[in-house]
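Below is one structure, written out as structure tokens, with a few remarks after it.
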Amino acid sequence: MKHDIMCQHCGRPILSRQTLAVVGRGLHSIHRGCYAAYAARQPWYRKPGWPVNRWRSLLAFNALLLAGVLLLHLLVRPMAGAEWLGLWPLLLAINGWLLVARLVSYWSLERHLPRQAPAAARGTQRR
Ligand SMILES: [Zn+2]
């Protein structure tokens, strides 16, 4: 018996990876269409970040992080060459964490879902 993955916002089953968003430290499964409403309902300390089941989130996160470091470098205090090397462990640790989250999300949720919704369910799923 296949167990359905439910949206933790609207309570309806999620039928495909296309409509799945895995968010937050608890890796909650919600519809992509429910994301905005779900995020708005969370208190600030539990705001979900970008959905972890998108590689784009990883890129966007790194871009922002590097932009932040560059801004600090230019505006607050220039960093010496050796200090730049000190950033790598930080980057690796954060990316490692994001990759682990992605893997857990894949094994616990994504691999149970088809890439696309079955034809019959399409249309009702797109929200
Ligand atoms: Zn939903």
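Report, to the nearest 10°, how far helix 55-71 tilts away from the longest principal axis of the Cα atoms in the chain, using its own Cα long axis and a range of 0 to 90°.
Relative to the chain, helix 55-71 is tipped by roughly 20 degrees.
How far apart, in nm, are two points set 7 Å out from the Cα along the Cα-to-Cβ line at H28 and at M6?
The modelled label-to-label distance comes out at 1.3 nm.
Distance from the Cα centre of the stretch 93-116 to that of the stretch 56-85, in angstrom?
Value for the Cα centre distance between the two parts: 26 Å.
Would you grab the residues whose amide H sits under 5 Å from the one on M6? Only those 5+ places off in sequence or on another chain, please, with H modelled 1.01 Å from N.
So M6 has HN proximity to I14.
Please give the peptides 49-58, 19-28, 102-111 ranked by average Cβ packing (other Cβ atoms within 10 Å per residue), highest first, as a rough proxy for protection.
19-28, 49-58, 102-111
Subtracting the Cα-Cα distance from 0.36 nm times the residue separation, let me have the gained length for N95 to E83 in nm, one decimal.
In short, 2.4 nm is gained.
Which order do the peptides 59-71, 6-18 come out in when sorted by mean C-beta neighbours inside 10 angstrom, highest first? Intermediate values should be presented prior to the final figure.
Numbers: 59-71: 12.1, 6-18: 16.9.
So the order, starting with the most tightly packed, is 6-18, 59-71.
Can you list residues whose amide H is under 5 Å from L20's amide H, if they're 5+ apart or on another chain and H is modeled 1.01 Å from N?
R32
What distance in nm lies between label points placed 7 Å from Cα along the C-beta direction at V69 and R41?
3.8
From Cα pairs below 8 angstrom and at least 6 apart in sequence, can you work out the relative contact order of the chain, rounded to a whole percent?
Over the chain, the number comes to 33 percent.
Could you put I94, I30 in order, starting from the residue whose Cβ has the fewest other Cβ atoms within 10 Å?
I94, I30
Relative to the longest principal axis of the C-alpha atoms of the chain, give the angle of the C-alpha long axis of helix 87-108, reported between 0 and 90° and rounded to the nearest 10°.
Value to nearest ten degrees: 10.
Compute the Kirkwood hydrodynamic radius of the chain, taking the inverse of the mean of 1/r over all pairs of distinct Cα atoms, and give it in Å to one decimal.
Values: mean 1/r = 0.0604 Å⁻¹.
Taking every pair of different Cα atoms in the chain, averaging 1/r and inverting gives 16.5 Å.
Taken together, the values in this text are just the output of simple stated rules run on the coordinates, not laboratory data. Given the structure is predicted, the values throughout are model-derived calculations rather than measurements. Note that we place each Cβ from the backbone using ideal geometry, even for glycine, and neighbour counts take in every protein chain shown.
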